[in-house]
Structure formats: C-alpha cells, structure tokens
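For reference, the structure discussed in these notes is given below.
The values are calculated or read from the model by the stated rules, or taken from the named source; none is laboratory data. Because the structure is predicted, anything quoted here is derived from the model rather than measured. Reconstructed Cβ throughout: ideal geometry from the backbone, glycine too, with neighbour counts over all protein chains shown.
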Amino acid sequence: MSEIRLYVTTTEVLAGQILDLLSDVFGEEDFAIATTEIDEKKDIWEASVYMMREDEDEVRVRVEEALAHSFPDAKVEREVIPEIDWVAKSLEGLKPVRAGRFLVHGSHDRDKVRSGDIAIEIDAGQAFGTGHHGTTAGCLETIDRVVRSRKVRNALDLGTGSGVLAIAVRKLKNIPVLATDIDPIATRVAAENVRRNGIATGISTETAPGFHSTAFSSHGPFDLIIANILARPLIKMAPQLVTHLAPGGSVILSGILASQRWKVLAAYNGAHLRHVRTIWRNGWVTIHLDRP
C-alpha cells in the first residue's frame, strides 16, 4: 500500500514550530514527522507527516485542526510516495564526507581515503547515518573532539541507525561501545556495518525499545553517551539518560533543529548537565554537555 506525505511549505523557523506542533499532536503514534530544506537561499522548507493511505483522512483532519489555531494561513499539500527504498536511492553516488578526522565513504570510494584519515565505510541501506546529514557530521566532529580531550572508558550510541557513530568511537579509541536502536532493521544494519569496517569485537549492537532494557544497566554507566534522535524524545528521556551517565561524563545530542536548541538545553540543564559547545550545520545543531 502506498505511503502518503502531507506537508506545508514555509520558512525554516515556522517549519520547526510546525514540527513541534505535529509532534505534540501525534505523540508516540507511528507517524513519521520531519522537516526538509528545499531552497537555502530563499529560506524555503517543508514540514511533513507521513502515513499509510488508509490513515490519510484521519491524519489530515487532525493536521488541519491543529494548524488552524496557530498557523491559519498554512496550506496542507499532498504527495503519494512510490514504493521505493528511498534511503538507498537517495544515497546512490553520494560523495565521501569529511568531519573532523573522519572520512565517511561508500565502498565505491575506497580510493578517496588519504593517509591519516579515519575511514568509515557505509553503503546505502535501510538505516540513517552516512555522514551527509548535518546531524551525523556534527556528531562526528564532536566525537573527535571529546574522545581526544576526555578520559572515555565506555560509550553508548543511542539510536545507532547505521552504526556510523559507534564505529567512529571504536576507531578512535579501543573502548567498549553499546549501540542500540528501537528498530531491529537498524540494529541488523549496524552490526553488518561494524563487520564491514573490520571491527571484530568491542561494539555490542542491541535492539532496545527503552531505558528499561537490561542492556543499559549491564553495560553502563557510560563516560560518553551519543544520541542523534529528535528533539522531542531527547527532551522526554533527559532524566533517564542522565542516570546512565558516569560522573564527569559527556553527552552528545543531535537531531535537533536550531529553533529547538533552547528547549533541549533547558531539559538537560534541568538534569544538572553543563553546556560545553554547540555546532550548527544546515539548520541543525549538535550539543555537547558534561556531567560535573
């Protein structure tokens, strides 16, 4: 059955506000919500919600009712999404990406690796994380900085996707890394990418739907926690996440629109973490915080 995208075309700031609104409307329901930059120079963005065709009528009513109160001029448009592996298709032919000392590349670009590069090979697949998105690149830069300057003995990659961030930590330092995701497909893809990158031991990949999973208590506490997810779940999980962070440990958060930065910072400052640095990339931010 075809997937439907309902979307509003607007500015970056308003797209972020609409994203927050739709996140509140749909909560934990199984509808993907996202923002996409269409034209950087003209500041054109789209805020979208995705659903199966059978859910379209109900979702449209809820979207239009929510927008009517805060964004009365917003026009909801519709697109039918063909049944194509869009992740794999969109990654075909992507160029290698440099972030810090890392070079993230596909198997067809192995010849682009230079002396001194920390190379991570990630091909097109069904899980997020190739280095091309601003959130992944921002995390890689911050990982490079944190692992070089801090004493990190074990790490957690929460919402691992392709496994690229867990692989990055392991390639920088010979420490154990727990890579978890709520999606078993992502967990499988991450494990495949770990093997592809020649890492025989040191990274544990596990499907974990929440912090109640024993994976966290058995591997933690962690000196470094990386969570490249989205602002809403990051805010919600702040109190639980911090309980798994060792004293003096660091947290790297991303998947956050620039307009959502202060909300996320407020949640983690409230959990007694100290803001160290923020990196901005293409409308997204990566936040580094420390636990005293």
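Give the residues of the range 144-169 that are part of a helix (DSSP H, G or I) and either under 14 Å from the mean Cα position of the chain (by Cα) or of a type in the set (Phe, Trp, Tyr) (or both), sorted by residue number. Within the range 144-169, 164, 165, 166 meet the criteria.
A count restricted to the range 245-260 and to residues that are buried (at least 19 other Cβ atoms within 10 Å of the Cβ) and of a type outside the set (Val, Ile, Thr) stands at 9. Looking only at the range 272-292, which residues are of a type in the set (A, V, I, L, M, F, W, C) and crowded, with 18+ Cβ neighbours inside 10 Å? Once the filter is applied, which keeps residues that are of a type in the set (A, V, I, L, M, F, W, C) and crowded, with 18+ Cβ neighbours inside 10 Å, the range 272-292 yields 273, 279, 284, 285, 287, 289.
State all residues of the range 176-191 that are over 20 Å from residue 104 (Cα atoms) and modelled with pLDDT under 90; if no residue qualifies, say none. Listed by number, the residues that qualify are 182, 183, 184, 185. In the range 172-191, the qualifying residues are those that are in contact (Cβ under 8 Å) with a residue 40 or more places away in the chain and within 20 Å of the chain's Cα centre (by Cα), and the one that is surrounded by the fewest Cβ atoms within 10 Å (Cβ to Cβ) is 185.
Give 65, 58, 77 a once-over and let me know the one that is in contact (Cβ under 8 Å) with a residue 40 or more places away in the chain and not β-branched (Val, Ile, Thr).
Exactly one of 65, 58, 77 is in contact (Cβ under 8 Å) with a residue 40 or more places away in the chain and not β-branched (Val, Ile, Thr), namely 77.
Residue count for the range 13-44, restricted to those that are surrounded by 15 or more Cβ atoms within 10 Å (Cβ to Cβ) and closer than 24 Å to residue 236 by Cβ: 16.
Residues that are of a type in the set (Phe, Trp, Tyr), modelled with pLDDT of 95 or more, closer than 20 Å to residue 142 by Cβ and not assigned by TED's automatic domain parsing to the domain that holds residue 20 do not occur anywhere in the range 244-264.
Taken over the range 188-221, the criterion of being assigned to a helix (DSSP H, G or I), within 17 Å of residue 175 (Cβ to Cβ) and polar (S, T, N, Q) is satisfied by 218 alone. Filtering 85, 123 for residues that are at pLDDT below 85 and closer than 15 Å to residue 190 by Cα leaves a single hit, 123. Looking for something assigned by TED's automatic domain parsing to the domain that holds residue 150, under 16 Å from residue 181 (Cβ atoms) and part of a strand (DSSP E or B) - is there at least one such residue anywhere in the range 228-235? Yes, that holds for at least one residue.
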